[in-house]
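In what follows, a structure is listed as structure tokens, so that the remarks can point back to it.
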Amino acid sequence: MFDLAHILDVLVESYPLFMKGLWVTLQLTFVSVLIGTVIGLIFALFKISGIKVLNWIANIYIALIRGTPLIVQIFIFYFGLAELGISAFWSAAFGLAMHNGAYIAEIFRGSIQSVDKGQMEAGRSLGMTYGLAMRRIILPQAFKRALPPLGNQFIIGLKDSSLASFIALNELFSIATTQGSRTFDEMTYLIIVGLYYLILVLLFTLLVNLLEKKLSAGE
Amino acid sequence: MKKEMIRIENLKKSFGDLEVLKEVNLNVQESEVVVLIGASGSGKSTLLRCINFLEIKNGGRIVIEGEEIDPKTHNLNEVRQRVGMVFQHFNLFPHKTVLENVMEAPLKVKNQNKSDAEQEAKALLGKVGLSDKADVYPAKLSGGQKQRVAIARALAMKPDIMLFDEPTSALDPELVGEVLATMKELAQEGMTMVVVTHEMGFAKEVADEVVYMHDGQIWERGKPEELFDAPKEERTKDFLSSIL
């Protein structure tokens with residue numbers, strides 16, 4: 001069953017197809033993580049704002065996202081947005097972004113609150129507005145602390161993007177399943193697609209580590 | 001007659017049920033150095049923080065440079081630009097170099113242009129004796145150096161009043177002197193200062209008035225030689241004998 005020579009043959013042969021899927025996966029991950037980070041930051045700021053309404057909005061959003069399966073969210077976005085003429089790619093991207101956003105919100109909230117209270121006071125005592133002190137003093141420090149869990153969430157986001165195959169998006173995983181069922185050689189294709197994900201995750205981890213080192217320079 | 005820089009009338013502040021300040025009255029004239037002393041929990045730090053509106057009073061009046069400040073209607077950011085503050089734990093910005101720490105507020109709050117801000121920041125670092133540390137991150141500094149940078153950072157906004165909240169309490173004993181020397185120099189230049197400290201030597205030497213606080217009230221006040229050498233109140237005597 002585990003014929004290495006065969007797997008290598010198929011790997012080389014299927015390479016152009018998987019490259020197409022890889023490109024879709026990368027785009028999908030990049031877009032959903034980027035939007036998810038923005039959403040996460042906004043809801044994190046809502047949560048620490050001390051304004052009750054904003055607090056509620058953030059709590060409801062996070063509870064809804066965390067309390068339901070991602071696949072359900074993707075289908076809801078897909079069927080909901082399809083009516084508005086939005087493509088499968090963008091509905092998957094928005095669905096994943098909303099999902100990532102809820103988890104990233106909690107990451108940012110924790111890291112913002114971990115910055116010493118004296119930092120905000122020092123900023124305010126110099127005449128800075130809350131917003132300016134948040135942007136110039138608190139967030140740069142919070143972001144640095146958020147980086148390790150954020151990197152972790154990005155990896156989860158990358159792997160979760162495989163669920164977009166359920167709405168007929170030709171990303172990595174869907175290439176593996178369609179090719180697998182076409183050739184009746186599912187296992188080989190699953191091993192190959194697993195390898196692709198593994199390499200992506202390893203490369204990404206390396207990138208995050210480099211960034212962490214760079215950001216902690218000087219301190 | 002000298003200008004009145006701070007006038008506080010019947011100031012009240014509570015945290016929940018805990019009354020931290022009970023009808024406090026205080027006046028500070030231009031170029032005056034007022035030192036607040038008292039046991040921890042006596043309300044001296046809270047009083048200082050109310051002057052800068054880091055704590056919002058529950059009652060009474062706060063008049064800064066002749067203008068009563070109502071936190072609800074006044075732009076507190078503008079008021080804080082005139083009232084600098086130095087903290088016990090320095091609170092330097094760890095992600096910025098020493099020079100950037102000092103330049104940050106002039107650049108972003110006053111929108112000063114970069115070369116002017118840099119020139120002034122360097123001059124201030126020279127004044128506190130840290131010209132050679134301009135490009136270093138705060139983590140590389142000693143406590144005394146950090147506090148001197150914090151003083152320079154506050155001065156960069158050209159405040160009319162400086163508040164010091166136990167500026168030497170977090171320092172190793174051998175580093176206290178350099179910070180006090182910087183503060184003394186500032187006092188001699190005519191800066192209006194309100195200082196919360198346990199450094200009685202500094203109070204004796206530099207203060208125009210020493211205020212002893214107890215239980216959220218001003219218990220006794222006077223010139224340093226009066227208060228230290230001939231305190232009238234029993235509490236003041238007890239406090240002074242416990243720390244000297």
Candidate set: region B:85-113, residues that are more than 7 Å from chain A (Cβ to nearest Cβ) and of a type in the set (Lys, Arg); chosen: the one surrounded by the most Cβ atoms within 10 Å (Cβ to Cβ): B:Lys96
Residue list for region B:33-49, filter: surrounded by 21 or more Cβ atoms within 10 Å (Cβ to Cβ), in a loop (DSSP other than H, G, I, E, B) and on the phi < 0 side of the Ramachandran plot: B:Ser42
Wholly enclosed helices (runs of 4 or more DSSP H) of region A:30-144 bearing at least 2 residues among the acidic types (Asp, Glu) and more than 30 Å from B:Ile51 (Cα to Cα): none
Residue in region A:82-109 that is nearest to the other protein chains (Cβ to nearest Cβ), counting only those that are more than 23 Å from A:Trp23 (Cα to Cα) and surrounded by 15 or more Cβ atoms within 10 Å (Cβ to Cβ): A:Phe108
Failed item in (1) crowded, with 18+ Cβ neighbours inside 10 Å; (2) not in a helix (DSSP H, G or I), with B:Lys158 passing the rest: (1)
Scope region B:126-143; condition buried (at least 19 other Cβ atoms within 10 Å of the Cβ) and part of a helix (DSSP H, G or I); matching residues: B:Lys133, B:Pro138
Tally, over region B:50-73, of residues that are more than 19 Å from the chain's Cα centre (by Cα), in a loop (DSSP other than H, G, I, E, B) and away from chain A (no Cβ under 13 Å): 5
B:Val20 being of a type in the set (A, V, I, L, M, F, W, C), touching a residue at least 40 places away in the same chain (Cβ under 8 Å), over 26 Å from B:Gly190 (Cβ atoms) and buried (at least 17 other Cβ atoms within 10 Å of the Cβ): yes
Residue ID - nearest to the other protein chains (Cβ to nearest Cβ), chosen from residues in region A:143-181 that are farther than 27 Å from A:Leu202 by Cβ and hydrophobic (A, V, I, L, M, F, W, C): A:Ile167
The one condition in (1) closer than 21 Å to B:Thr192 by Cα; (2) crowded, with 16+ Cβ neighbours inside 10 Å that B:Lys12 fails to fulfil: (1)
Residue, surrounded by the most Cβ atoms within 10 Å (Cβ to Cβ), within region B:55-84, restricted to residues that are charged (D, E, K, R) and under 17 Å from B:Glu9 (Cβ atoms): B:Lys57
Sole residue being buried (at least 17 other Cβ atoms within 10 Å of the Cβ), in a helix (DSSP H, G or I) and out of contact with any Lys or Arg (no Cβ under 7 Å at 6 or more places or on another chain), chosen from B:Ala117, B:Ala123: B:Ala117
Failed criterion for B:Val24 (all others in (1) at pLDDT 95 or above; (2) assigned to a loop (DSSP other than H, G, I, E, B); (3) away from chain A (no Cβ under 14 Å) hold): (2)
Residue match in region A:159-174 (condition: in contact with a helix residue (DSSP H, G or I) (Cβ under 9 Å, 6 or more places away or on another chain), surrounded by fewer than 18 Cβ atoms within 10 Å (Cβ to Cβ) and at pLDDT 95 or above): yes
Residue under evaluation B:Arg82, criteria (1) touching a strand residue (DSSP E or B) at 6+ places or on another chain (Cβ under 9 Å); (2) more than 9 Å from chain A (Cβ to nearest Cβ), criterion not met: (2)
Test set (1) free of Cβ contacts under 8 Å to residues at least 12 places away in the same chain; (2) within 14 Å of chain B (Cβ to nearest Cβ) - A:Leu203 fails condition number: (2)
Residue tally, condition more than 7 Å from chain B (Cβ to nearest Cβ) and surrounded by fewer than 19 Cβ atoms within 10 Å (Cβ to Cβ), over region A:121-133: 2
Of all residues in region A:112-126 being in contact (Cβ under 8 Å) with a residue 12 or more places away in the chain and touching a helix residue (DSSP H, G or I) at 6+ places or on another chain (Cβ under 7 Å), the one that is farthest from B:Glu166 (Cα to Cα): A:Ile112
Of the criteria (1) in contact with a helix residue (DSSP H, G or I) (Cβ under 7 Å, 6 or more places away or on another chain); (2) assigned to a loop (DSSP other than H, G, I, E, B), which one B:Leu163 fails: (2)
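The values are calculated or read from the model by the stated rules, or taken from the named source; none is laboratory data. Just so it is clear, the structure is predicted and the values come from calculations on it, not from any experiment. When we count neighbours, we look across all protein chains shown, and the Cβ atoms used for this are built from the backbone with ideal geometry, even at glycine.
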